[in-house]
Amino acid sequence: MEEFLRIMEKNARLPLEEIAAMLDQTPEETAALMDEAEEKGYIHGYETLVDWDQAGVNRVEAMIELHVSPRKSCGFDDIAQNIAAFNEVDNVYLMSGSYDLMVTIKGHNFQEIALFVAQRLSPLDDVISTATSFVLKTYKRAGRTYFGEEIDDREWNE
Amino acid sequence: MMDYDRILSKKATEMRPSGIRKFFNLAAEMPHCISLGVGEPDFRTPWTIRDTAIAALEQGKTRYTANAGLRELREEVCRYLKRRFALTYQNENVLVTVGGSEAIDLAIRALVEPGEEVIIPEPCFVCYEPITTLTGGVPVHIATKEEDEFRLTPEELKCAITPKTKLLILPYPNNPTGGIMRREDLEAIAEVLRETDIMVLSDEIYSELVYGEERHVSIASLPGMAERTVVINGFSKTYAMTGWRLGYAAGPKAVISAMTKIHQSCIMSAPTTSQYAAITALKSCDEAVEAMRTEYSRRKRLVVKRLNEMGLHTFDPKGAFYVFPCIKSTGLSSEEFCERLLHEKEVAIVPGGAFGESGEGYVRISYAYSVSHLHTALNRIEEFLTENGI
């Protein structure tokens, strides 16, 4: 399973037959692994890495650091799950260090994100403070660089 | 006007250009061409190795080293050969060279007298024959066969041996076939050689790239063979350090001393920065090597399966990073196959004939490329076969 997940992490779009070949399996065996991984939640989904700048579409992304007050019974989980339930929110992480939750969010413009923080996030009971930073430029995301493909400059030197 | 045809030495003018070059030059003119041609890793040198080199430069370690190489590096080479391949060498048995290629050159020059014969199993890497010829030696080829998994057999070796035989080249794991010699295969070869004065040049540059449960075995580790073997290895393939130009030879003290004399005159010492970096490679990069091997192994399975499915019979290679599919079923020569594939589908691969006559009917495909690159190139090869009905 581990080898399957390693291959899938980078090559989820490859035909099943090719993933099976890399695993030295039949496509049926690999399909069964895929079902199992999805069923058991080893694979939560498949994301497309869109370069919106390149596509000429206005998109703004922000990272928001949150201080929250944990509750006695359930710590940070309740508030984190409440925040995760917002459709606008992409990622929610509990962090070590100087703040508690890191939330990332995408919108069409700065104003949309500012409104979301001011009207939806900050008013929540357990949120003590927020610090919003906007992403100015993406250089790398999920292991892929966004500044053009690396050129293969190897020569045939034999 | 200088007539350079008359001025250049006969030996130099008679050297044939590498058959691989020709295709690279063709491919270089095609901007959308995708290559499966190169013989070097696509990975970058692990960071800790590069970091050591930077530190060595910062500390001003910029002078020549001892001719034979840094003492510490030679010690690490001995430890490495012991731990990985059960080979027992001391410092004086090791010479650090400019890539494995220089070590091959030195070994042949140190051993071969004009007129003496050098046995070269083919298909193989392209350098053994020209170096032998430049030395005045006589290349004697043995064609290895796919049905023998491209291994050298003791019967064929016996047939090739004459009173003039001086040296056997043993290029395994093999470029371009991916064939390997297992312990029992080597034992049979050793049995033929033990009662002779024939030396072995064992080119083990791909020794860390052996797949599945198999491990590389060095012929020098067999009883009675260390005294008649020069082991060639290096950092290029194992640690993705091709540009650092660093390799080494390990062998009997007298042979290494003779090689060191030649090395002294024409090279002085291997690049100092690279030598410091190589110490780190040997000491602390086993994990990085294993990660690269795992990735090559995945790619190999993908490429072998797809080529076989599209009707090109492909031997499942056990080592190196090449596959060597048979293209005889297409009715094309390997050169025609590669030329047409290049022009019709802009995929560059190398005709098997470039690795010796016995490579005719095969092509070499390198899988030192990302999975998505391989996927695209394999699709194009499949289209090429389908469209031509071959």
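The values are calculated or read from the model by the stated rules, or taken from the named source; none is laboratory data. For clarity, every value in this text was computed on a predicted model and none was experimentally measured. Cβ coordinates were reconstructed from backbone atoms using ideal geometry, including for glycine residues, and neighbour counts include every protein chain displayed.
Structure summary
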quantity	calculated
Residue, farthest from the chain's Cα centre (by Cα), within region A:1-15, restricted to residues that are exposed (fewer than 13 other Cβ atoms within 10 Å of the Cβ) and more than 10 Å from every other protein chain (Cβ to nearest Cβ)	A:MET1
Residue among B:GLY224, B:GLY212 that is without any contact (Cβ under 8 Å) to a residue 40 or more places away in the chain, surrounded by fewer than 18 Cβ atoms within 10 Å (Cβ to Cβ) and at positive phi	B:GLY224
Candidates B:VAL94, B:VAL98, B:VAL77 - the one that is closer than 30 Å to B:ALA354 by Cβ and either among the aliphatic types (A, V, I, L, M) or in contact with a Phe, Trp or Tyr (Cβ under 7 Å, 6 or more places away or on another chain) (or both)	B:VAL98
Which listed residue is closer than 30 Å to B:GLU102 by Cβ and modelled with pLDDT of 95 or more, from B:ARG298, B:ARG293	B:ARG293
For B:TYR276: the one exception among (1) among the aromatic types (Phe, Trp, Tyr); (2) in a helix (DSSP H, G or I); (3) within 23 Å of the chain's Cα centre (by Cα)	(3)
The one condition in (1) part of a helix (DSSP H, G or I); (2) within 14 Å of chain A (Cβ to nearest Cβ) that B:THR132 fails to fulfil	(2)
Conditions (1) at pLDDT below 95; (2) surrounded by 14 or more Cβ atoms within 10 Å (Cβ to Cβ); (3) in contact with a Ser or Thr (Cβ under 8 Å, 6 or more places away or on another chain): number failed by A:ILE19	(1)
Selection status of B:ALA288, in contact (Cβ under 8 Å) with a residue 24 or more places away in the chain and either in a loop (DSSP other than H, G, I, E, B) or within 14 Å of chain A (Cβ to nearest Cβ) (or both)	no
Count of residues meeting criterion [under 17 Å from A:VAL135 (Cα atoms) and of a type outside the set (D, E, K, R)] in region A:84-99	3
Residues of region B:202-233 satisfying the condition of being in contact with a Leu (Cβ under 6 Å, 6 or more places away or on another chain) and part of a strand (DSSP E or B)	B:SER202, B:VAL230
Selection within region A:122-158 - within 14 Å of another protein chain (Cβ to nearest Cβ) and not acidic (Asp, Glu)	A:GLY143, A:ARG144, A:THR145, A:ILE151, A:ARG154, A:TRP156, A:ASN157
Residues satisfying the stated conditions in region B:315-330, i.e. surrounded by fewer than 23 Cβ atoms within 10 Å (Cβ to Cβ) and within 13 Å of another protein chain (Cβ to nearest Cβ)	B:ASP316
Output for region A:100-115, where each listed residue is farther than 13 Å from A:THR130 by Cα, assigned to a helix (DSSP H, G or I) and in contact (Cβ under 8 Å) with a residue 40 or more places away in the chain	A:PHE110, A:GLU112
Of all residues in region A:22-47 being assigned to a helix (DSSP H, G or I) and within 9 Å of chain B (Cβ to nearest Cβ), the one that is surrounded by the fewest Cβ atoms within 10 Å (Cβ to Cβ)	A:LEU23
Selection status of B:ILE180, under 24 Å from B:MET241 (Cβ atoms), assigned to a loop (DSSP other than H, G, I, E, B), over 10 Å from the mean Cα position of the chain (by Cα) and touching a residue at least 40 places away in the same chain (Cβ under 8 Å)	yes
Region B:354-370, residues that are surrounded by fewer than 20 Cβ atoms within 10 Å (Cβ to Cβ) and touching a residue at least 60 places away in the same chain (Cβ under 8 Å)	B:GLU357, B:SER370
In region B:23-78, the residues that are of a type in the set (S, T, N, Q) and touching a residue at least 24 places away in the same chain (Cβ under 8 Å)	B:SER35, B:THR45, B:THR48, B:THR52, B:THR62, B:THR65, B:ASN67
Given (1) over 29 Å from B:ARG293 (Cβ atoms); (2) in the same structural domain as B:LEU134 (by TED's automatic domain parsing), index of the condition B:GLU76 fails	(1)
Test: residue in region B:249-259 that is of a type in the set (D, E, K, R), surrounded by fewer than 17 Cβ atoms within 10 Å (Cβ to Cβ), free of Cβ contacts under 8 Å to residues at least 40 places away in the same chain and assigned to a helix (DSSP H, G or I)	no
Elements of type helices (runs of 4 or more DSSP H) contained in region B:1-115, each with 1 or more residues being out of contact with any strand residue (DSSP E or B) (no Cβ under 7 Å at 6 or more places or on another chain) and either more than 14 Å from chain A (Cβ to nearest Cβ) or crowded, with 21+ Cβ neighbours inside 10 Å (or both)	B:4-7, B:10-14, B:47-58, B:71-85, B:99-111
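Condition check ((1) in contact with a Lys or Arg (Cβ under 6 Å, 6 or more places away or on another chain); (2) part of a helix (DSSP H, G or I); (3) polar (S, T, N, Q); (4) in the same structural domain as B:PRO31 (by TED's automatic domain parsing)) across all residues:
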{"residue": "B:ASN308", "(1), (2), (3), (4)": "no, yes, yes, yes"}
{"residue": "B:HIS313", "(1), (2), (3), (4)": "no, no, no, yes"}
{"residue": "B:GLU335", "(1), (2), (3), (4)": "no, yes, no, yes"}
{"residue": "B:ARG340", "(1), (2), (3), (4)": "no, yes, no, yes"}
